[in-house]
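The values are calculated or read from the model by the stated rules, or taken from the named source; none is laboratory data. Just so it is clear, the structure is predicted and the values come from calculations on it, not from any experiment. Cβ coordinates were reconstructed from backbone atoms using ideal geometry, including for glycine residues, and neighbour counts include every protein chain displayed. Surface areas here come from the heavy atoms of the whole protein model, side chains and all, with no ligands, DNA or RNA. Shrake-Rupley method; radii C 1.70, N 1.55, O 1.52, S 1.80 Å.
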Amino acid sequence: PPVADMTATLDFLPYLWQARRMLTNVAVLAFDGVAPFELGVLCESWGVDRTAHGVPELEFAVCTKRPGDVRTSMGFGLTVEHGLDRAAEADLVCIPAIQRDWEIPQDVLGFLRETVDRGARVLSVCSGAFLLGAAGLLDGLDCTTHWMYTDELQDRFPAARVVPEVLYVDAGQVV
């Protein structure tokens, strides 16, 4: 039995800000050192089929720089079948928590900038904000990260406006 009444319409799915159309294609990036909890949250949020509940189906994929094995921060591995070419098709590219000291490859940073340039959105969870900062995508924007890392994010990316007291910031194409 349901625990709460549902409304007759579902209007919680995010729209592409510039086109006012529903998101249909989501990619989650996974790189060595990815945090499995945050990766799982993104996979559960975007990858679970909820069409039986009236939610539109999303194309969904986990992607990495080169398809293959990815090590998590907890020491176990994942096999990721899709590369950045698949993520380049997405309306929304999500970044889970990463190791803050990861030396991010320039082509990954370029990919994120190209994602925003083509009109798609990027969304980071927790320390994934450091990847967006390294790509220059937080410059001039309000943003946040895990509360333990807000001072570090501000120190490393002084052109960003870190807002430590919020859980998330939707700055249009950058969430």
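For residue 160, work out the one condition from (1) over 18 Å from residue 43 (Cβ atoms); (2) open to solvent by less than 40 Å² (accessible area, probe 1.4 Å); (3) out of contact with any Cys (no Cβ under 6 Å at 6 or more places or on another chain) it doesn't fulfil.
Looking at each condition in turn, residue 160 falls short on (3).
Please enumerate the residues belonging to the range 58-77 that are of a type in the set (Asp, Glu) and free of Cβ contacts under 8 Å to residues at least 12 places away in the same chain.
The answer is 69, and nothing else.
Which one of these does residue 54 not meet: (1) under 20 Å from residue 105 (Cβ atoms); (2) more than 16 Å from the chain's Cα centre (by Cα)?
Every listed condition holds for residue 54 apart from (1).
Any idea how many residues of the range 79-127 are in contact with a Pro (Cβ under 7 Å, 6 or more places away or on another chain) and either at pLDDT below 95 or acidic (Asp, Glu) (or both)?
Selection size over the range 79-127: 1.
Of the residues 31, 37, which is open to solvent by 40 Å² or more (accessible area, probe 1.4 Å) and not in a strand (DSSP E or B)?
37
Could you run through the range 1-44 and say how many residues are polar (S, T, N, Q) and at pLDDT 95 or above? If you could, list the steps in order and put the result at the bottom.
Taking the range 1-44 first, the residues polar (S, T, N, Q) are 7, 9, 18, 24-25.
Of the ones still in play, those that are also at pLDDT 95 or above are 25.
The total comes to 1.
Working carefully through the options 145, 72, find the one that is more than 21 Å from residue 47 (Cα to Cα) and polar (S, T, N, Q). Full working, then the answer.
Details: 72 fails: more than 21 Å from residue 47 (Cα to Cα).
Going through 145, 72 in turn, just one is more than 21 Å from residue 47 (Cα to Cα) and polar (S, T, N, Q): 145.
Here's a check for you: in the range 79-108, which residue that is touching a strand residue (DSSP E or B) at 6+ places or on another chain (Cβ under 7 Å) and β-branched (Val, Ile, Thr) is farthest from residue 175 (Cα to Cα)?
Across the range 79-108, the extreme among qualifying residues is 79.
Among the strands (runs of 3 or more DSSP E) lying completely within the range 64-150, list those that include at least 2 residues that are open to solvent by 20 Å² or more (accessible area, probe 1.4 Å). Give the steps one after another, and end with the answer.
Numbers: elements: 68-71, 77-80, 92-95, 121-124.
Filter on the range 64-150 gives 68-71, 77-80, 121-124.
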